[in-house]
Amino acid sequence: MHDFVHDFLIQVQMDGQMRKIRPNDVMKPGARVYVPVSIAETRISKRYDAIPSGTLYPNADEIKYLQRLVMYKDSAIILLNKPPKLPVKGNLPIHNSMDGLAAAALSYDYDEGPKLVHRLDRESSGILLLGRTKNSVSHLQWLFSNINNAKSSCKAWNDACEATYQRYWALVIGAPKEKEGIIHAPLSKVLMNDGKTERVMLAHHSSIEPHQEAVTEYRVLGPKINGCSWVELRPLTYRKHQLRVHCAEALGTPIVGDYKYGWFVHNRWKQMPRVDIEPSTGKPYKLRRPEGLDVQKGSVLSKVPLLHLHCRELALPNIAKFLHVLEKSSEEPHASLSLLQHDVLRFVAAMPNHMRISWNLMSSYLV
């Protein structure tokens, strides 16, 4: 006890006064003990502060699990293939969110853990981007903001920024009228009757409610099968629930498993008889179930499908290559870096199991 008190200089508040505690002092009920935090512990708490204090340290299984999700890592960024149902932003009492676990498990040789640059909904899956340093986070947040029109003096950087894109694959109920197009549909947020739940919806031009511009490119990947179609979505702005609302309300084809924005369509879809036509023969199409395939794991044929929205592809500037250029405001990257590294990095993430099952069931006629 004496060594402990001597090392940490514990103070106690008793009878409204703060004083140092001695080894032979008797504590009174209700007294508050104040223990100073060492410098080393301060660094640890900064690294783990995204995780609620009740569960400060994720267990070994959680850390290993997250590290297995890493697709790519360099000095500036980390990419993960996020599974569905794992929350990205943690709120009490949830500690096993992606930002909390990443801060704890993916620091590697850095003093601090990486920071999320863009977010995915809890139910969606796919590529999740994190910045490893303050500078890389700053440039990535600028890159994925909706006002990144400023130009740098470095032409290679500007060209790489122009090449940036995200592509999602989604399975929707029904089929868009046009095979491809651009959705220009601003979004607004409304508060539901409970005073807590927030919902995103298409903004009416005559409405005085504040709204945000939202633009999405889309392309249909194949014919309608089992009442559903695969589509590719490329957001040109980055709004909350943008793709889900654009699919459900702008196209009239909600994403399979999106019960928030497509509840009534789901009910009709599951109840109505479906007769689709095979493109090759013109005959009625019956969905084939490969022998032994478990379709009840959230796939399109399960009773309650999971959300079929996956961030499949990402292209972005090679931040690690350009950071020193942007910081020094030089005009071009160093010659040795230009020869050894690409200006643009491109990644593709495998679909989660439930979407892979749906894809395999319906892939015969995909283009």
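The values are calculated or read from the model by the stated rules, or taken from the named source; none is laboratory data. The shown structure was predicted, so the numbers you read here are calculated from the model rather than taken from an experiment. In case anyone asks, the SASA skips ligands and DNA or RNA and just uses the protein heavy atoms, side chains included. Shrake-Rupley method; radii C 1.70, N 1.55, O 1.52, S 1.80 Å.
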So how do MET362, MET201 rank on accessible area, 1.4 Å probe, biggest first, that is with the largest at the start?
MET201, MET362
Order of exposure, largest accessible area first, which applies to PHE322, PHE264 with probe 1.4 Å
PHE264, PHE322
What accessible area, in Å² to the nearest ten, does a 1.4 Å probe give for TRP269?
0
Additional length obtainable on full extension of the chain from LYS303 to LYS260, 0.36 nm per residue less Cα span
13.8 nm
Please compute the length gained on full extension between SER153 and ASN267, using 0.36 nm multiplied by the number of residues separating them and subtracting their Cα-Cα distance.
35.6 nm
Once fully extended, how much extra length lies between PHE347 and TYR165, figured as 0.36 nm per residue of separation less the alpha-carbon to alpha-carbon distance?
64.5 nm
Would you mind checking which residues have amide H under 5 Å from GLY181's amide H? H placed 1.01 Å from N; only 5 or more apart, or other chain.
TYR218
With every protein chain in place, the accessible area of LEU233 for a 1.4 Å probe, in Å² rounded to the nearest 10, comes to 0
